[in-house]
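The block underneath contains the structure these notes are about, expressed in structure tokens.
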Amino acid sequence: MILYLLCFVLFLVGLYGVITRRNLMKITISLSIMEFSTFLFLALIGYVKNGVPPIVDPAKPDVIYVDPLPQAMVLTAIVIGLATTAMLMAVIIRIYRKYKTLDIREIKNLRG
Amino acid sequence: MNPLIPLFVAVPLGGAFLTMIIGKFLRNANKYIGMTVLLFLMVISYISITGLSGNISVYKVGGWEPVNGTPIGIYMVLDSLSAILLCIINTIGFLSIVYSFTYIAQYTSENYFYSLFCLMVAGMNGIVLSGDIFNIYIFLEISAISSYALVAFGVEREQLEATFKYQVLGGLASMLILIGISFIYWKAKTLNIADIKAALGTNTAKSFYIPVQLLLLSGFGLKAAIIPFHAWLPDAHSSAPSPISAMLSGVLIKAAGIYVILRLFFNMFIITEDMAMLLTTLGALSMAVGVLLAIGQWDIKRLLAYHSISQMGYVVMSAGIGMILLARGTKPEVASLAIAGGLFHLINHAAFKSLLFLNAGAIEYRTGTRDLKSMGGLAGLMPATSSTSFVASMAISGIPPFNGFFSKLIIIIAAIMGKFYFLAVIAVIVSIVTLASFMKFQRYAFYNKEIEKSENSPKEVPFPMVFSMVTLAVLCLVLSLIALPQVRDVILTPAIRILTDSQLYTTSITGM
């Protein structure tokens, strides 16, 4: 239970960062923290107490395996997270070239 | 096993790949590859909607058959609701890509444009076809990442700012969706939508249901830009190049937002009255607030973007009314009518809102401005643009005989028959305010002042752009035929049956 709670705390840390930070880079980092708390949660779901890695061994029929599906899902989600982070970084570099700043308070052409 | 189903995802993915390789060596190959891919998809989407006749066909990726009746492979499901969405996506996609032939020539690196466009279409087709929630998430990200890149395609200050905002909110939405999915997997130990419904059953605790539903609703609501989550939409949709605005507003918010909300709330969760109430309230709120925000806008594309929020409100509200009536178990025929109105409006909105964005793009192409105050008198100079935008404006404000009138009428009639008089009144008022706002658009853009015809005055846009706009204008008229019972029975009724019959979707998929 304590692990799930810590996971949730990590998510909230990320959310707090996204909402309060003014630097584009720090917003991206906070978003990544949120992402990883979600991945951690997904990985925890598949864990079974005293479970072993899910490689079936016919010699030992009565061992408990952990659920492999969330692990596959986490791997997929990490790849997607990498793509979004890379995309955000590319946009931030472009923004820096145009505006010469990373402060979100000075990047506000769009209003209304 | 329907062999057409995987083609909807595989062909645009292959097209995106080929565009990048062949486009490097052959000039103009990119356009033709993109157009061929979308034309092919459009044709097979029509084949699939006519050949379906109310059945559900399933494609099991990799041929993994169910074990003891439990589906284990990846399922791609083509039912009547997905078929409608596929037709919308691929038709609007084809017309937008034809429009881009001359429009995108003003930008550099066209290869990337066509490649990303194909990727976005692949993602949306995938969302609509996938039968399990994790694949919905994956395809959602494919379409979202390519749309982030396409919004920033001009790499000017505004585009970059809009795309940053869009990406941060989009990333937040993805996280909410992923957490929702992991909660569902935790409880149900399966990802297949039909199987989840069977596994969760009717006696799952409310304390589990409500947080999960709220997580998924806020995640997909962010994608659909329902009102408390709408902040990114006006920026992103107005900054993108016009054919992309037409795709985002006309298709992406429906495929990635509304469609998934409908699918999950009708086919995966048990319909509860409080959730239905919440959905109806959010819909009515988006309808009213969206149009009020739109009325003060002077930038054409921002005005249109706010109207997208408002018109999507109609769809969400009518789906919500249908859900309330289904949850109460009274008047099932009124519930079907409300959902029919919502789906009909979804189809119509794709036609007229894409047309309006293409018109805005045509005006920007010739005059170089999006500010309504600094244009005017274009009616005589750009007759095709002017007349098609008149058609679209009438359609969106619900003037007969255009399609918007019939769908709004069905929604209002359903609201009255279900005794939601307040919602009916709001729907009528919003429609009137929409009319006022589009009168302003027509007057300031096309009339208001006289421009002498001269060498430098704006002239009509090139043929590919005119072709797309005229086709969509004709569609705006033709789509009103769906109101006729004969056509409705082919297109809308099977889709409504899948949504309203709580067991049909589950039994026909787990039974295969």
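Summary table below
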read-out: Residues within region B:188-221 that are within 13 Å of chain A (Cβ to nearest Cβ) and surrounded by fewer than 17 Cβ atoms within 10 Å (Cβ to Cβ), tallied; value: 2
read-out: Lone qualifier among A:45, A:55 - being more than 29 Å from residue B:233 (Cα to Cα), of a type in the set (Val, Ile, Thr) and at the interface with another protein chain (Cβ under 7 Å from one of its Cβ atoms); value: A:45
read-out: Pair list, Cβ < 9 Å and 6+ apart or interchain, from region B:224-239 residues that are at negative phi and more than 13 Å from chain A (Cβ to nearest Cβ) to residues that are of a type in the set (D, E, K, R) and surrounded by 23 or more Cβ atoms within 10 Å (Cβ to Cβ); value: B:224/B:254; B:229/B:223
read-out: Answer residue from region B:356-393, given it is closer than 18 Å to residue B:103 by Cα and without any contact (Cβ under 8 Å) to a residue 12 or more places away in the chain and is surrounded by the most Cβ atoms within 10 Å (Cβ to Cβ) among those; value: B:369
read-out: Residue among A:26, A:98 that alone is surrounded by 12 or more Cβ atoms within 10 Å (Cβ to Cβ), farther than 30 Å from residue B:298 by Cβ and of a type in the set (Lys, Arg); value: A:26
read-out: Residue match in region B:126-143 (condition: closer than 25 Å to residue A:41 by Cα and charged (D, E, K, R)); value: yes
read-out: Filter result (farther than 26 Å from residue B:300 by Cα and either outside any helix (DSSP H, G or I) or not β-branched (Val, Ile, Thr) (or both)) within region B:405-445; value: B:409, B:414, B:415, B:417, B:418, B:419, B:420, B:421, B:422, B:423, B:424
read-out: All helices (runs of 4 or more DSSP H) inside region B:242-345 with 3 or more residues being over 12 Å from the mean Cα position of the chain (by Cα) and basic (Lys, Arg); value: B:300-328
read-out: Residue check for residue B:37: free of Cβ contacts under 8 Å to residues at least 12 places away in the same chain, in a helix (DSSP H, G or I) and closer than 15 Å to residue B:121 by Cβ; value: no
read-out: Residue ID - farthest from residue B:508 (Cα to Cα), chosen from residues in region B:19-40 that are crowded, with 18+ Cβ neighbours inside 10 Å and of a type in the set (A, V, I, L, M, F, W, C); value: B:33
read-out: Filter result for the condition that a residue is under 24 Å from residue A:87 (Cα atoms), facing another protein chain (nearest Cβ under 10 Å) and in a helix (DSSP H, G or I), over B:136, B:142; value: B:142
read-out: Count - residues of region A:8-29 that are at the interface with chain B (Cβ under 10 Å from one of its Cβ atoms) and over 30 Å from residue A:107 (Cβ atoms); value: 1
read-out: Test result for residue B:124, under 19 Å from the mean Cα position of the chain (by Cα) and either at pLDDT 90 or above or under 21 Å from residue B:251 (Cβ atoms) (or both); value: yes
read-out: Region B:157-187, subset over 24 Å from the mean Cα position of the chain (by Cα) and basic (Lys, Arg), residue farthest from the other protein chains (Cβ to nearest Cβ); value: B:187
read-out: Residue among A:102, A:110 that alone is modelled with pLDDT of 85 or more, under 22 Å from residue B:168 (Cβ atoms) and not basic (Lys, Arg); value: A:102
read-out: Selection within region A:80-112 - of a type in the set (Lys, Arg), in a helix (DSSP H, G or I) and closer than 15 Å to residue A:22 by Cα; value: A:105
read-out: Region A:86-105 residues that are at the interface with another protein chain (Cβ under 9 Å from one of its Cβ atoms), paired with ones that are of a type in the set (Phe, Trp, Tyr) and surrounded by 14 or more Cβ atoms within 10 Å (Cβ to Cβ) (beta carbon under 9 Å, 6 or more apart); value: A:87/B:148; A:88/B:148; A:88/B:164; A:91/B:148; A:91/B:164; A:92/B:164; A:95/B:164; A:104/B:164
read-out: Flag if residue B:407 is at pLDDT 90 or above and within 17 Å of residue B:319 (Cα to Cα); value: yes
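The values are calculated or read from the model by the stated rules, or taken from the named source; none is laboratory data. Bear in mind the structure is a predicted one, so any value in this text is a computation, not a measurement. Cβ sites come from the backbone with ideal geometry, for glycine too, and all protein chains shown count toward neighbours.
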